[in-house]
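All remarks here apply to the structure that follows.
The numbers here are math on the coordinates, done by the rules we state, and not lab data. Everything quoted here is computed from the prediction, not taken from an experiment. When we count neighbours, we look across all protein chains shown, and the Cβ atoms used for this are built from the backbone with ideal geometry, even at glycine.
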Amino acid sequence: MVRRKRRGTQEGEYQDPLKDYSPATYADELERSLCESDITEMEIKPFLAIDPGTSVEETMRLMDKIGIACLVVTEGDKLVGIFSERDILNKVAEQYEQIKDGPVRDVMTPNPVSVYETDSPAQAMNLMAVSGFRHIPILDLDENVVGILGPRRVTAFVQKHFEEA
Amino acid sequence: MGLRNDITNAPVSDLPLREVMSVPPTATCRQAVATMRDKRLGYVLILDDAGRISGMFTERHLIKLLLADPKQLDDPIDKHMSRSDKSVRQDAPIATVIEKLQSLEWRFVCVVDEQGKAVGVTGQRGAMEYLADHFPRQVKVQKMKSKLFMDQREGA
């Protein structure tokens, strides 16, 4: 039997595992920021949070008064749902008089898709552009809601980069 | 910078456009709401006989209508639609749309041809998709919810 000679390093010789590592390269600062910065570099505040027991009418009056399309529904600081203009169109419009005094919990979208504040802007954009969610709640690592991201805030982020370039 | 050049120079018709979803001025708000729900769109256009835009009804109008009096759902839509001209020419640069979305806080923009006839609708969502298309590697392939640390130890 012919025994093959071991190739490579001698026992005890150090080999740098990162010697072939080449860092990611980006075409511009915007691309780098999309991939490497945290979502908190985007404008994720202010956001409006309500209790799931708030009435549908009161919630809609808040949205109308402030002029927002979406708010988060929380218990404590924990995310339990999201309520948007689309929920009003799909679940509220035709039966408004019957359900306006009921809790928003009954018509919200429960357990919405969210991202962590340490995720990159590109990850949130993926959910919005590919999966079709218009608003994405942002959580801290303890799962508390710390913000919300919508399309206008994304375009503002891009514009800010253009102005700084 | 590629994206910046494209936004400044490329025409609005390069943006992802939604179909022209319309109802006649005589339609009721309830019919418009049913159309929006069926097509999963946040707007409906009201067009005149020549195909020109005479108004727009959005989810925002629906909220105001319900809060005022839900019986108004049976009103003709031209009593509740917005008549302001939220349109841009299809050959205008994309920057025009971005500017209107940001500074005027428009959510939808009607795209019209040289005769003022509606050819599509875009808006915040269309702008988002355009940006994502510029960064397919960075945006379109992503792993969601990556925590900095594990909740539990890995392995056996």
I'd like the mean, over residues of A:122-134, of how many other protein chain beta carbons sit within 10 Å of each residue's own Cβ.
6
Could you compute Rg(Cα) / (2.2 N^0.38 Å) for segment B:2-135, with N its residue count?
1.09
Kindly write out, for segment A:128-136 in residue order, the coupling ³J(HN,Hα) from the Karplus curve 6.51 cos²θ - 1.76 cosθ + 1.60 (θ = phi - 60°), rounded to whole Hz, with x marking Gly and Pro.
6, 7, 9, 8, x, 7, 7, 10, 10
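Which whole number gives the average count of other chain Cβ atoms within 10 Å of the Cβ atoms across peptide A:88-99?
Whole-number average of other-chain Cβ neighbours for A:88-99 is 5.
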Please report the base-10 log of the normalised intensity I(q)/I(0) for chain A, using a Debye sum with one equal scatterer per alpha carbon and no solvent, at each q in 0.08 (1/Å).
-0.37
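Over chain A, what relative contact order in percent results from Cα pairs under 8 Å that are six or more residues apart?
Here the relative contact order equals 25 percent.
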Yeah, the protein assembly as shown with a ≥ b ≥ c from its alpha-carbon gyration tensor (a/c under 1.5 is rounded, else prolate when a/b outruns b/c, oblate otherwise) is oblate
Amide H to amide H under 5 Å from residue B:123: which residues, 5+ apart in sequence or cross-chain, H placed 1.01 Å off N in plane?
B:109
Residue-wise HN-Hα coupling along segment B:8-16, computed from phi with Karplus coefficients 6.51, -1.76, 1.60 (Hz; x: Gly, Pro)
6, 10, 6, x, 4, 5, 7, 6, x
What's the angle, to the nearest 10 degrees (0 to 90), between helix A:151-164's Cα axis and the longest principal axis of chain A?
50 degrees
What number, rounded to the nearest 500 deg cm²/dmol, is the helix-based mean residue ellipticity at 222 nm of the protein assembly as shown, given -39500 (n - 2.57) per DSSP H run of at least four residues and division by all its residues?
-8500 deg cm²/dmol
Shielding by partners - mean other protein chain Cβ count within 10 Å, residues of B:29-39
2
Working from Cα positions, state the angle (0 to 90°, nearest 10) between the long axis of helix B:59-68 and the longest principal axis of chain B.
60 degrees
Amide proton proximity set for residue B:112, modelled H, under 5 Å, gap of 5+
B:88, B:89, B:90, B:119
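Which order do the peptides B:50-60, B:18-28 come out in when sorted by mean C-beta neighbours inside 10 angstrom, highest first? All intermediate terms of the calculation are to be shown ahead of the outcome.
Values: B:50-60: 18.7, B:18-28: 16.2.
With the highest mean Cβ count within 10 Å placed first, the list reads B:50-60, B:18-28.
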Mean separation of Cα contacts under 8 Å, 6 or more apart, over the residue count of chain B: relative contact order %
27 percent
If amide hydrogens are placed 1.01 Å from N in the peptide plane, which non-local residues have theirs closer than 5 Å to the one on residue A:73?
A:50, A:80, A:81, A:82, A:83
